[in-house]
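To start, the structure itself, in structure tokens.
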Ligand code: 4AD
Ligand code: MG
């Protein structure tokens, strides 16, 4: 009945309407133009049903047409993965699954998709990782990447509201901020025939920057310099670690948020970190309900297929719990006591049994604390100085530093941070002890020479947070094109 009505409304060069907009504000009888990719096509005797998605929202738009309206060639070209422009009229849907649909009047094929690898069935995440360039077209990944966007936006919002300055720290650097030596070298030296010094070693003085340089492992040291002038700053950018970790929680290239605050002590810093995490989780619950709902269902399905005795909460409950309940706070010393007395330690099922104070906490210990003992996020403070970086503030006891890690169920370490050593002599002594080259860090020491103040900061791994929020178990599935040992495809 809308055929003629539609023709009267037809306009030339009609503006494209996004499906998200259309599903919320379109009116019955309105003539519109949509563009997107075909998810499925079903042809019955009297009707063609096309599920069209344009990435603006998780839901597809149902497009209907009589087969006689389409040429044989057009009908053939409409297949999963092909892209279309459809003009037509919004009508009330006869189907149960949706309220409205588009009665297509004019179909233009934008791109065909012959032998399209994504079929309308469930594909494994491993398979989808091999075609990462196409996984944006799936419901799961479109939801994950819309949430990744929402969190990134909310991070800026959170800090902007609190008058923090967004600071762009360098990606190429000459310093190893974490002192762990896990850096990717950046060079223009001809590696087949490098310039050499008299002793045979490579002469980096002839390299592009006149010194040896790498990709940054953290913007913290530069952020400290900025905080000792701007007071409250944060960085948010790509971070690189050449650690040979083949785990579901490590990337060689990941995104880190690093706030750095003058006049904050460790307690202030833990409070800021907790409110940031709660704000971001709450933001996603409020702003991305449809995407979260899909991921929630996904997690439920995955859990029902797993034969496990460990009871985990459904995704939405996990998120609400984090947004509402205060995090647990314990010291490293208390954590060691809990771990020493724990069942897996007594049964010797930890790969690294906990015997003495001073042991570094491994992923298995962190997960035990967050997942089994506390079953919620836990903040651990005051680690032994020997297991932490040189810049952390030494406590009065002479053996611990004012460090904090925030551990999450299912993820492990979400945040690492500390109060910084602002006392020049103590910092210099610590650098000597830990064999940190002070030569290239004179500028950093200047911040302690000139108007030093107590200050603190932390680093939040964006992908670790996304793992928690989306329920995706592998970190490779929350970044568009993951970089891991042996893999830099795309
Ligand atoms: O604990 P990390 O190494 O701390 C720092 O880099 C400090 N400079 C931060 C600061 O105080 N400004 O890293 C911080 C966080 C970790 O807690 C984790 O969430 C994430 O960064 N992270 C990684 N995420 C993915 N892949 C990796 N290889 C990661 N390494 C660290
Ligand atoms: Mg850490």
(request) For segment 191-264, please list each of the strands (runs of 3 or more DSSP E) lying entirely inside it that holds at least 2 residues being within 16 Å of ligand 2 (Cβ to nearest atom) and under 30 Å from residue 154 (Cα atoms). (result) 232-240, 253-262
(message) For residue 194, only one of the following conditions fails: (1) touching a residue at least 24 places away in the same chain (Cβ under 8 Å); (2) out of contact with any helix residue (DSSP H, G or I) (no Cβ under 8 Å at 6 or more places or on another chain). What is its number?
(response) (1)
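Take segment 434-467 and flag every residue that is touching a strand residue (DSSP E or B) at 6+ places or on another chain (Cβ under 8 Å) and either modelled with pLDDT under 95 or away from ligand 2 (no atom under 16 Å from the Cβ) (or both).
Step one: filter segment 434-467 for residues touching a strand residue (DSSP E or B) at 6+ places or on another chain (Cβ under 8 Å), giving 453-465.
453, 454, 455, listed by residue number.
Regarding residue 376, is this residue farther than 30 Å from residue 244 by Cβ, touching a strand residue (DSSP E or B) at 6+ places or on another chain (Cβ under 9 Å) and away from ligand 1 (no atom under 16 Å from the Cβ)?
On the way: farther than 30 Å from residue 244 by Cβ: yes; touching a strand residue (DSSP E or B) at 6+ places or on another chain (Cβ under 9 Å): yes; away from ligand 1 (no atom under 16 Å from the Cβ): yes.
Yes; evaluated as a whole, the condition is true for this residue.
From the list 262, 252, which residue is within 16 Å of ligand 1 (Cβ to nearest atom), touching a helix residue (DSSP H, G or I) at 6+ places or on another chain (Cβ under 7 Å) and touching a residue at least 60 places away in the same chain (Cβ under 8 Å)? If you could, list the steps in order and put the result at the bottom.
On the way: 252 fails: touching a helix residue (DSSP H, G or I) at 6+ places or on another chain (Cβ under 7 Å).
None of the other options fit; the residue is 262.
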(request) Identify, from the list 174, 104, 111, the residue that is in contact with a strand residue (DSSP E or B) (Cβ under 6 Å, 6 or more places away or on another chain) and at pLDDT below 95. (result) 174
(request) Starting from segment 415-443, keep only residues that are within 24 Å of residue 332 (Cβ to Cβ), then list their pairs with residues that are in a helix (DSSP H, G or I) and within 16 Å of ligand 2 (Cβ to nearest atom) whose Cβ atoms are within a distance under 6 Å, requiring at least 6 positions of separation or different chains. (result) 415/273; 417/269; 419/266
(message) If I filter segment 154-177 down to residues being closer than 21 Å to residue 442 by Cβ and not in a loop (DSSP other than H, G, I, E, B), which single residue comes out as farthest from ligand 2 (Cβ to nearest atom)?
(response) 172
(request) Please tell me if residue 229 is more than 16 Å from ligand 1 (Cβ to nearest atom), under 30 Å from residue 383 (Cβ atoms) and in contact with a helix residue (DSSP H, G or I) (Cβ under 8 Å, 6 or more places away or on another chain). (result) no
(message) Cβ-Cβ under 7 Å, sequence separation 6+ or interchain: first residue in segment 206-217 and under 19 Å from residue 240 (Cα atoms) and in contact (Cβ under 8 Å) with a residue 40 or more places away in the chain, partner assigned to a strand (DSSP E or B) and within 16 Å of ligand 2 (Cβ to nearest atom). Which pairs?
(response) 215/240; 216/239; 216/240; 217/239; 217/240
(message) Of the conditions (1) part of a helix (DSSP H, G or I); (2) touching a residue at least 12 places away in the same chain (Cβ under 8 Å), residue 271 satisfies every one except a single condition; which number is it?
(response) (2)
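Here is a yes/no grid of residues against (1) away from ligand 1 (no atom under 16 Å from the Cβ); (2) in a helix (DSSP H, G or I); (3) in contact (Cβ under 8 Å) with a residue 60 or more places away in the chain; (4) over 30 Å from residue 25 (Cβ atoms):
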| position | (1), (2), (3), (4) |
| --- | --- |
| 102 | yes, no, yes, no |
| 119 | yes, no, no, yes |
| 122 | yes, no, no, yes |
| 148 | no, yes, yes, no |
| 152 | no, yes, yes, no |
| 179 | no, no, yes, yes |
(request) Kindly provide the set of residues from segment 137-168 that are more than 30 Å from residue 299 (Cα to Cα) and within 19 Å of the chain's Cα centre (by Cα), ordered by number. (result) 159, 166, 168
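Would you point out the residue of segment 181-190, among those that are in a loop (DSSP other than H, G, I, E, B) and on the phi < 0 side of the Ramachandran plot, that is nearest to ligand 1 (Cβ to nearest atom)? Spell out the reasoning first.
Within segment 181-190, the subset in a loop (DSSP other than H, G, I, E, B) is 181-184, 187-190.
Add one more test, that the residue is on the phi < 0 side of the Ramachandran plot, and what stays is 182-184, 187-190.
On the way: 182: 9, 183: 12, 184: 12, 187: 22, 188: 26, 189: 27, 190: 30 Å.
It comes out as 182.
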(request) Mind listing whichever residues of segment 212-267 are surrounded by fewer than 19 Cβ atoms within 10 Å (Cβ to Cβ), closer than 16 Å to residue 166 by Cβ and in contact with a strand residue (DSSP E or B) (Cβ under 7 Å, 6 or more places away or on another chain)? (result) 230, 231, 237, 238
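Taking the criterion of being touching a residue at least 24 places away in the same chain (Cβ under 8 Å) and not in a loop (DSSP other than H, G, I, E, B), would at least one residue in segment 91-99 satisfy it?
Filtering segment 91-99 for residues touching a residue at least 24 places away in the same chain (Cβ under 8 Å) gives 91-93, 95, 97-98.
Now narrow it down to the ones that are not in a loop (DSSP other than H, G, I, E, B): 91-92.
Scanning segment 91-99, I find at least one residue that is touching a residue at least 24 places away in the same chain (Cβ under 8 Å) and not in a loop (DSSP other than H, G, I, E, B), so the answer is yes.
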(message) Cβ-Cβ distance below 9 Å, separation of 6 or more or different chains: which pairs start in segment 15-29 with a residue that is in contact (Cβ under 8 Å) with a residue 24 or more places away in the chain and end on one that is assigned to a helix (DSSP H, G or I)?
(response) 28/2; 29/2; 29/5; 29/6; 29/9
(message) Within segment 382-396, does at least one residue satisfy the condition of being within 27 Å of the chain's Cα centre (by Cα), surrounded by fewer than 22 Cβ atoms within 10 Å (Cβ to Cβ) and more than 16 Å from ligand 2 (Cβ to nearest atom)?
(response) no
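For segment 397-416, which positions are in contact with a helix residue (DSSP H, G or I) (Cβ under 7 Å, 6 or more places away or on another chain) and crowded, with 20+ Cβ neighbours inside 10 Å?
Looking only at segment 397-416, we keep the residues that are in contact with a helix residue (DSSP H, G or I) (Cβ under 7 Å, 6 or more places away or on another chain), and these are 399-402, 404, 406-415.
Listed by number, the residues that qualify are 400, 401, 402, 404, 406, 407, 408, 409, 411, 412, 414, 415.
The values are calculated or read from the model by the stated rules, or taken from the named source; none is laboratory data. Remember, it's a predicted structure, so these values are computed and weren't measured experimentally. Cβ: placed from backbone, ideal geometry, glycine included. Neighbour counts: every protein chain shown.
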